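Below is one structure, written out as structure tokens, with a few remarks after it.
The values are calculated or read from the model by the stated rules, or taken from the named source; none is laboratory data. Computed from a predicted structure; not experimentally measured. We place every Cβ from the backbone using ideal geometry, glycine too, and count neighbours over all the protein chains shown. Accessible surface is based on the protein model in full, side chains and every heavy atom, while ligands, DNA and RNA are left aside. Shrake-Rupley method; radii C 1.70, N 1.55, O 1.52, S 1.80 Å.
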Amino acid sequence: MTSPTSPPVLPVLPAADVDAIVDTLSGAGARLLVGSVIDMAGVARAKSVPIERAATFHRAGMGASPTWNVFCIDNAVAVTDRVTVVGDMRLRADLEAARPLDAGYVWAPTEMFDQQGDPWPGCARGRLRRVQAQAEERGLDVLVGNELEFVITGLVGTPLPREHWQAYGLGAMFAHEAFIADLEIALNAARLPIEQLHAEYADYQFEVSLAPTTPVQAADQVHLARLVIGRVARRHGLLVSFSPLPVAGGAGNGAHLHLSLSRAGVPLLSGADGAHGMTAEGAAALAGIVAGLPESVGVFAGSVLSEYRLLPGHWSGAFACWGLENRESAVRFCAATPGNPKGANIELKCVDPSGNPYLTAATMLGLALHGIDEHLPLPDETTSDPVRLSADVAAAAGVVRLADTQAAAVDLLRGSALTEGILGPDILSALLAVRTHEIDTYGRHSAEELTERFRFAWSS
Ligand code: GLU
Ligand code: MG
């Protein structure tokens, strides 16, 4: 059995019936295929081809510089020993995952290959497929669910004038009902399975939660949902911010991840005699996530804006600990109850939208597999707000505050053999280069300057 730290055996794209897919898309009015990747900074970047060239986009791929992986949020290029201005990749569109949009557009996620058709080791999507395959080798079925929080602004990009926004307000939702109604139609047309849609806590903030599915498909759905939300908003004279901190002084945008595991249809997180019904393997998976968080938080919340969101009192999970329905611990355990018919799952709350959704899912799952492989013991449950624990109690329970600056998060990531094993050295070194550029260039800027400058960096 391969461990998360063994050398990569990267899978290739599924052998789809490409011509039939292209015919169907063309027949439905598709004119332009847009294929995108999400880079290490969490930014989606794209190429497009006329639909007649869709099969070529799938089979041969479109050229892109390897520097696509080290573009930064300000478009600087953070070259490394492994990624320089020399060389070329191919971005290949996964047409099995293509989704028609309106106005003649069709979108597909792409994956990075070299010109010989071999997988590119720095590809985030390819890496998630590999970690998913490692779970499957262990006989595990994995489901991932994503929550997308975002803030709408006017078309000029400045915050909308203050109104009496009520968190989760019925009035807040209906003040923007035409946008919400169109959003439901567009998400549905793109076959994105909406679980919930509501006005969130921060001014002009909404949340869409998507139903759980397999890890790569779940990350593709986040990738596409951000595009669909942005397109619908523009039609309503709005822009959408997925920044970890859209407006200085306000609440942040989270990108909470839910994970559940089962073997041959039997859940690992319920139905047994462990804590809250967990099996021994389920408890070890949860333990692996909690134990790995301090060193890997730079993957989940590593941008220059993340530290302004990952704060106690923000429901963003600033402490490495876990608790049943505990919204201040980084890991909230959701037990199987009649009120939770989808079943028990582990929610990771410290994740924000500046993290690449393929890498956040790969890291969360990789940490869970590590916990299972190493039979890690479940730490004490945190049954209250962790910020209120005395230093002694926190220390005894192993509760630690996650890195409170980007520099500290990146330092811990740099030293993390565990994360390097999960993501591989190509991805980790690119991620570190991009995030180090952010620290060096913007580390001294105020939250006000940063929110203004990067409000739309993660928007599509
Ligand atoms: N907006 C919060 C965050 O930054 C999350 C609020 C919630 O729990 O839904 O993660
Ligand atoms: Mg929320």
Relative packing of peptides 128-138, 396-406, 244-254 - highest average C-beta neighbours within 10 Å first: 244-254, 128-138, 396-406
Return the sequence-ordered ³J(HN,Hα) values of the stretch 306-321 in whole Hz as given by the Karplus equation 6.51 cos²θ - 1.76 cosθ + 1.60 applied to θ = phi - 60°, using x for Gly and Pro. 4, 5, 7, 9, 7, 10, x, x, 10, 6, 9, x, 7, 10, 6, 6
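Using a 1.4 angstrom probe on the protein heavy atoms only, could you order S243, S446 from most to least accessible area? Kindly include the intermediate steps, with their values, before the conclusion.
Numbers: S243 0, S446 45 Å².
Reading off the accessible areas and sorting them downward yields S446, S243.
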Given the options G61, V43, A391, identify the residue whose Cα lies farthest towards the positive end of the charge dipole of the chain (+1 on Cβ of Lys, Arg; -1 on Cβ of Asp, Glu). G61
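Using a 1.4 Å probe and counting only protein heavy atoms, arrange Y201, Y168, Y308 so the residue with the most accessible area comes first. Present the calculation step by step, with values, prior to reporting the outcome.
On the way: Y201 145, Y168 110, Y308 65 Å².
Ranking Y201, Y168, Y308 by accessible area, largest first, yields Y201, Y168, Y308.
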Would you mind computing, in nm to one decimal, how far apart the modelled labels at E449 and T56 are, each placed 7 Å from Cα along Cα→Cβ? 4.6 nm
Heavy-atom accessible area per residue of the stretch 113-214, all protein chains kept, 1.4 Å probe, expressed in Å², is 44 Å²
Once a ≥ b ≥ c are taken as the square roots of the eigenvalues of the Cα gyration tensor of the stretch 193-245, is the result rounded (a/c under 1.5), prolate (a/b larger than b/c) or oblate (a/b not larger than b/c)? prolate
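Calculate the FRET efficiency for A20 and N75 from the Cβ-Cβ distance with a Förster distance of 60 Å, rounded to the nearest 0.05. If you can, show how the numbers build up before the last one.
Values: r = 38 Å, r/R0 = 0.64.
Calculated transfer efficiency: 0.95.
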About the Cα centre, and with charges only on the beta carbon of Lys, Arg (+1) and Asp, Glu (-1), how big is the dipole of the stretch 78-174? Nearest 20 debye, please. 140 debye
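Less than 11 Å Cβ to Cβ from T405, Lys/Arg counted +1 and Asp/Glu -1: what total charge do the surrounding residues give?
Working: positive: none; negative: E307, D404, D411.
That works out to -3.
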For the charge dipole of the chain, defined by +1 on Lys and Arg C-beta atoms and -1 on Asp and Glu C-beta atoms about the Cα centroid, which residue among A97, V266, S296 has the Cα displaced farthest towards the positive pole? A97
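Of the peptides 373-383, 231-241, how do they stack up when ordered by the mean number of other Cβ atoms within 10 Å, highest first? The partial results should precede the final answer.
Details: 373-383: 16.0, 231-241: 18.3.
Listed from highest to lowest mean packing, they are 231-241, 373-383.
Could you order K47, K349 by accessible surface area, starting with the largest, using a probe radius of 1.4 Å? Intermediate values should be presented prior to the final figure.
Working: K47 75, K349 5 Å².
Correct descending sequence by accessible area is K47, K349.
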Apply the a/c threshold of 1.5 to the C-alpha gyration tensor of the chain and tell me whether it is rounded, prolate or oblate. rounded
The chain - mean residue ellipticity at 222 nm from DSSP helices (-39,500 (n - 2.57) per run, n ≥ 4, rounded to 500): -10500 deg cm²/dmol
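Looking at the P(r) of the stretch 87-215, how many percent of alpha-carbon pairs lie beyond 24 Å?
On the way: 4134 of 8256 pairs.
Looking at the stretch 87-215, the distances longer than 24 Å represent 50 percent of pairs.
Once fully extended, how much extra length lies between L155 and E184, figured as 0.36 nm per residue of separation less the alpha-carbon to alpha-carbon distance?
Values: separation 29, 0.36 × 29 = 10.44 nm, distance 2.10 nm.
Length difference between fully extended and current span is 8.3 nm.
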What residues from the stretch 32-58 fall in the zone where the backbone N is under 20 Å from a label point 7 Å along the Cα-to-C-beta line of D102? 32-34
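Given 0.36 nm per residue, what is the gain on full extension from D114 to E177 after removing their alpha carbon distance, in nm? Present the calculation step by step, with values, prior to reporting the outcome.
Values: separation 63, 0.36 × 63 = 22.68 nm, distance 4.61 nm.
Length gained, D114 through E177: 18.1 nm.
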Note the full-extension length gain between A133 and H236 as 0.36 nm times their separation in residues minus their Cα-Cα distance, in nm to one decimal. 33.0 nm
Residue (of I372, S429, L450) at the positive-pole extreme of the stretch 351-460, dipole from beta-carbon charges: L450
About its Cα centre, what dipole magnitude does the stretch 248-356 give when the only charges are +1 on Lys and Arg Cβ and -1 on Asp and Glu Cβ, stated in debye to the nearest 20? 200 debye
Give me the dipole magnitude in Debye, nearest 20, for the chain about the Cα centre, with unit charges on the beta carbon: positive for Lys and Arg, negative for Asp and Glu. 800 debye
Out of residues 5 or more away from A403 or on other chains, whose amide H comes under 5 Å of its own, with H placed 1.01 Å from N in the peptide plane? none
Given a 1.4 Å probe and every protein chain left where it sits, what share in percent of the accessible area of the chain is carbon and sulfur? 55 percent
Going by average Cβ neighbours within 10 Å, how do the peptides 21-27, 287-293, 342-348 rank, with the highest at the top? 287-293, 342-348, 21-27
